[in-house]
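K.L.:
Before I ask anything, let me first share the structure, which is written out below as C-alpha cells.
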Amino acid sequence: MSGSKSYKPYVSPNDPCDPIKEKSYQTPPHLYMGLQKKDLEQYSPEEALKKGTLWPALFDSYKGFPRKTDGKESNR
Amino acid sequence: MWTYEKKLQYPVKVSECNPKLAKYLIEQYGGADGELAAALRYLNQRYTIPDKVVGLLTDIGTEEFAHLEMIAAMVYKLTKDATPDQIKEAGLEGHYTNHGVSLFYHNTAGKPFEVQHIQSKGDPIADLYEDIAAEEKARATYQWIIDLSDDPDLNDSLAFLREREIVHSQRFREAVELLKDERDRQKIF
C-alpha cells in the first residue's frame, strides 16, 4: 500500500519539454498506520539510529528522481 | 530548560565541494517549512495544547533544533572554504555580499525568515493539523533536495532527516487521535 503511486497525465503534442509520461508521488507508511499498534517489530538500537526510526513499519526509503544513465532510467 | 549534547543527532558528511547544495539546503534552515520554523512552531504551541500532548510538542520541537544544527553543519561545510568564484558559480553572490560565508536564516530564494511562516491558532485540532502539514511539507522539501543533489553522503543524512519527518507526522496524527478519543467522556444513557 505505501511507497509511491503514479499516474499518467495528458501529454500534448505541443509540449515544449520531453514529456514525463508517468508522474509519481510518495505515500509513506504512516499515512496508513492510524494509532500505532503495541508490540510492533523493532530494529536493533544501532540500526534504529541509522534508519531514523525504531520501527520497520515506519521506515520509508526515497530513491530520488529517476536519472538517465546510458539511456537507462536509474534509481541511484 | 535544555541540556546540550555536543554532537550531531546524525553524522553529517559531505563528499564534494559543491556550494550550490548549500543554496538548496538553506531552504530547510530559514525557509517556511524549515527546521527553525518547525522548532519555533511546536515550542510555542505547546503552552495551549491539552496536557496529554504537551510533552510530544516539547520533544519534537527540541529535536527540530537538532535537525537545524545538522543543516547548519552541512551548509557550513559546503561554503566555509569556497572561493568568491565558486560562490558566484553557485549563485550565492547575493548571500556573500550581505553575509560573507556566515549562515543566515533565509530561504533558497534569499527571502529572510519571517515569523508568519508559523501559526498558533489556540485550537488544538487546528494547530495539530498545521503541524502534520508542516511535517509533510518538510518531507517533500527533503525529497526535492535529494533529487537535486548527487552527493551520496549528504543524501544519506537527508534520508535520515526525511524519515524523522515521517515519524513526527505519525506522532502528530496519533495526538489528534488521542484528543478525539471519547474514553474519558462521561456517558449518560
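K.L.:
Is it true that B:VAL115 is buried (at least 16 other Cβ atoms within 10 Å of the Cβ) and either closer than 22 Å to B:GLU16 by Cα or of a type in the set (A, V, I, L, M, F, W, C) (or both)?
P.N.:
no
K.L.:
For segment B:79-103, give me each residue that is touching a residue at least 12 places away in the same chain (Cβ under 8 Å), over 18 Å from B:GLY31 (Cα atoms) and open to solvent by less than 40 Å² (accessible area, probe 1.4 Å).
P.N.:
If the condition is that a residue be touching a residue at least 12 places away in the same chain (Cβ under 8 Å), over 18 Å from B:GLY31 (Cα atoms) and open to solvent by less than 40 Å² (accessible area, probe 1.4 Å), then B:THR79, B:ALA82, B:ILE87, B:ALA90 are the ones that fit.
Residue-by-condition table, conditions (1) within 14 Å of chain A (Cβ to nearest Cβ); (2) farther than 26 Å from B:LYS121 by Cβ:
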| position | (1), (2) |
| --- | --- |
| B:PRO11 | yes, yes |
| B:CYS17 | no, yes |
| B:LYS20 | no, yes |
| B:ALA32 | no, no |
| B:PHE65 | no, no |
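K.L.:
Checking the condition more than 10 Å from every other protein chain (Cβ to nearest Cβ) and open to solvent by 100 Å² or more (accessible area, probe 1.4 Å), which residue from A:LYS8, A:LYS23, A:LYS63 passes?
P.N.:
Just one listed residue meets the conditions, A:LYS8.
K.L.:
Considering each residue of segment B:128-152, count those that are at the interface with chain A (Cβ under 9 Å from one of its Cβ atoms) and either over 14 Å from B:GLN170 (Cβ atoms) or surrounded by fewer than 16 Cβ atoms within 10 Å (Cβ to Cβ) (or both), and give that number.
P.N.:
10
K.L.:
Report, by residue number, each residue of segment B:99-115 that is part of a helix (DSSP H, G or I) and either within 17 Å of the chain's Cα centre (by Cα) or modelled with pLDDT under 95 (or both).
P.N.:
Residue satisfying the conditions is B:VAL115 alone.
K.L.:
Separate question: Any residue in segment B:8-32 that's among the acidic types (Asp, Glu): show its pairings with residues that are open to solvent by less than 40 Å² (accessible area, probe 1.4 Å) at Cβ separation under 7 Å, as long as the two are six or more apart or on different chains.
P.N.:
Pairs found: B:GLU16/B:ASP151; B:GLU27/B:GLY34; B:GLU27/B:ASN107; B:GLU27/B:THR141.
K.L.:
Determine if segment B:117-131 includes at least one residue that is without any contact (Cβ under 8 Å) to a residue 12 or more places away in the chain, within 30 Å of B:VAL54 (Cα to Cα) and not in a helix (DSSP H, G or I).
P.N.:
yes
K.L.:
For segment A:28-54, name all the residues that are within 11 Å of another protein chain (Cβ to nearest Cβ) and open to solvent by less than 50 Å² (accessible area, probe 1.4 Å).
P.N.:
A:PRO28, A:PRO29, A:HIS30, A:MET33, A:GLY34, A:GLN36, A:ALA48, A:GLY52, A:THR53
K.L.:
Report, by residue number, each residue of segment B:149-161 that is in contact (Cβ under 8 Å) with a residue 24 or more places away in the chain and in a helix (DSSP H, G or I).
P.N.:
Answer for segment B:149-161, where residues must be in contact (Cβ under 8 Å) with a residue 24 or more places away in the chain and in a helix (DSSP H, G or I): B:PRO152, B:ASP153, B:LEU154, B:ASP156, B:SER157, B:PHE160, B:LEU161.
K.L.:
When segment B:18-77 is examined, which residues are found to be of a type in the set (A, V, I, L, M, F, W, C), buried (at least 23 other Cβ atoms within 10 Å of the Cβ) and touching a Gly at 6+ places or on another chain (Cβ under 8 Å)?
P.N.:
B:ALA37, B:ALA38, B:ILE71
K.L.:
From the set of residues in segment A:43-66 that are under 16 Å from the mean Cα position of the chain (by Cα) and part of a helix (DSSP H, G or I), which is nearest to B:PHE160 (Cα to Cα)?
P.N.:
Out of the qualifying residues, it is A:LYS51.
The values are calculated or read from the model by the stated rules, or taken from the named source; none is laboratory data. Every value quoted in this text rests on a predicted model; they were computed, and no experiment measured them. Neighbour counts are summed over all protein chains in view; Cβ atoms, including those assigned to glycine, are modelled from backbone coordinates with ideal geometry. Just so you know, the surface numbers come from the protein's heavy atoms only, side chains and all, with ligands and any DNA or RNA stripped out. Shrake-Rupley method; radii C 1.70, N 1.55, O 1.52, S 1.80 Å.
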